[in-house]
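Asks: Dropping a structure here in structure tokens format, bear with me for questions.
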Amino acid sequence: MRIRTTIVVATAALAITLVGCSSDNNDSEPKTTESSSQPSTDNSAAEKAAGIPAEPTGAKRDALLAAIHDVNAKLTADEDKAIDAARNQCSGLNGGAKNPDHLAAERFSYNGITLTDDDGAHLNIGLRKTLCPKT
């Protein structure tokens with residue numbers, strides 16, 4: 001199952017990379033600074049294909065952070081990192097990971113925090129309630 005998840009993530013990364021490529025080699029037209037400095041890449045299609053939900057906002061974000069905080073308060077010290085880990089964990093939950101509790105424990109073990117599979121199980125319960133319900 002890890003191979004399948006790895007393939008999905010690699011395919012999504014490749015798709016994102018390819019979206020940013022352009023086959024237009026016309027150098028006769030001047031390039032504007034705006035288009036050069038701000039690449040517009042829409043990751044939502046690739047993320048959706050990989051089973052990664054959109055980044056939560058408002059009350060949904062608050063509920064997700066509260067669920068993560070309930071497992072270990074230190075996990076939400078960097079809210080963006082916690083949100084990213086949660087979104088990525090949804091791909092494992094909805095993608096049929098063989099051991100999603102262990103996967104969650106690994107994914108959320110960062111910044112000197114080491115979680116157990118039991119912690120991962122509690123995280124998955126919170127994620128299912130707030131961000132990635134069963135599909």
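The values are calculated or read from the model by the stated rules, or taken from the named source; none is laboratory data. All of these numbers come straight from a predicted model, not from anything done at the bench. Neighbour counts run over all protein chains shown; Cβ positions are idealised from the backbone, glycine included. Side chains included, ligands, DNA and RNA excluded: accessible areas come from the protein's heavy atoms. Shrake-Rupley method; radii C 1.70, N 1.55, O 1.52, S 1.80 Å.
Asks: Which of the residues belonging to region 100-135 are of a type in the set (S, T, N, Q) and assigned to a loop (DSSP other than H, G, I, E, B)? Explain how you work it out, then say what you get.
Replies: Within region 100-135, the first condition is being of a type in the set (S, T, N, Q), and the residues that meet it are 109, 111, 114, 116, 124, 130, 135.
Selection gives S109, N111, T114, T116, T135.
Asks: Can you tell me which condition L103 does not meet? The list is (1) closer than 18 Å to E47 by Cβ; (2) aliphatic (A, V, I, L, M); (3) open to solvent by 80 Å² or more (accessible area, probe 1.4 Å), and all the others hold.
Replies: Status for L103: all satisfied but (3).
Asks: Anything in region 64-98 that is within 15 Å of G51 (Cα to Cα), in contact (Cβ under 8 Å) with a residue 60 or more places away in the chain and either in a helix (DSSP H, G or I) or open to solvent by 40 Å² or more (accessible area, probe 1.4 Å) (or both)? List them, or say none.
Replies: Scanning region 64-98 gives S91, G92, G96.
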